[in-house]
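Scroll down for the structure; my scribbles are underneath it.
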Amino acid sequence: MAWPAPATITKTASGQTITNPGTADAEPYIVVTGTGDIDLAIGAKTLRIAGLASKITIDVAAGLAYNGAVNLTGSLTGDWPLTIPPGTSTVSWAGSVTKLEITPNWRYI
């Protein structure tokens, strides 16, 4: 049985929910567009992004954060890796975020 490729989920307002239909924590691919210091929370986990200039791509499965060819992994502190637990979680942030794109990579174990 083949599983469908996960669709990208776009959030433009803090406090919305995301539902992980899988049976294990998802290791998402996240693109944050914004500036300054940002606290990004999914459920009970919070990841701090320091000094964002415009955009950051966070590849949880690869353990990397970058913008183009620039490694930004060192600008992350807090709950790493930022996974999505099974069930419904609130996605929220503090700071100047204009768009959040999450490709969840649901996992079934």
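The values are calculated or read from the model by the stated rules, or taken from the named source; none is laboratory data. Since we're looking at a predicted model, the values are computed, not measured. Backbone-built Cβ (ideal geometry, glycine too); neighbour counts: all protein chains shown. Ligands, DNA and RNA are excluded from the accessible area calculation, which covers all protein heavy atoms including side chains. Shrake-Rupley method; radii C 1.70, N 1.55, O 1.52, S 1.80 Å.
Structure data summary
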read-out: For the chain, size of Cβ-based charge dipole, Lys and Arg +1, Asp and Glu -1, in debye; value: 140 debye
read-out: Surface accessible to a 1.4 Å probe, Y29 within the full protein complex, Å²; value: 80 Å²
read-out: Karplus 3J(HN,Hα) series, Hz, for segment 47-63 with 6.51 cos²θ - 1.76 cosθ + 1.60 (x for Gly, Pro); value: 10, 9, 10, 9, x, 5, 8, 7, 7, 9, 9, 10, 9, 4, 4, 8, x
read-out: Computed E for K99/A24 - FRET, C-beta separation, R0 25 angstrom, nearest 0.05; value: 0.40
read-out: Sparse-neighbour loop sites [trypsin sites (Lys or Arg not before Pro); segment 1-102; at most 16 other C-beta within 10 Å; DSSP]; value: none
read-out: HN-Hα J in Hz across segment 9-19 - Karplus 6.51, -1.76, 1.60, θ = phi - 60°, x for Gly and Pro; value: 9, 9, 10, 10, 9, 5, x, 7, 10, 9, 10
read-out: Isotropically averaged projected area of segment 1-100, using the convex hull of Cα atoms (one quarter of hull area), nm²; value: 6.4 nm²
read-out: Computed lengthening from T8 to T35, 0.36 nm per intervening residue step minus Cα-Cα distance; value: 7.6 nm
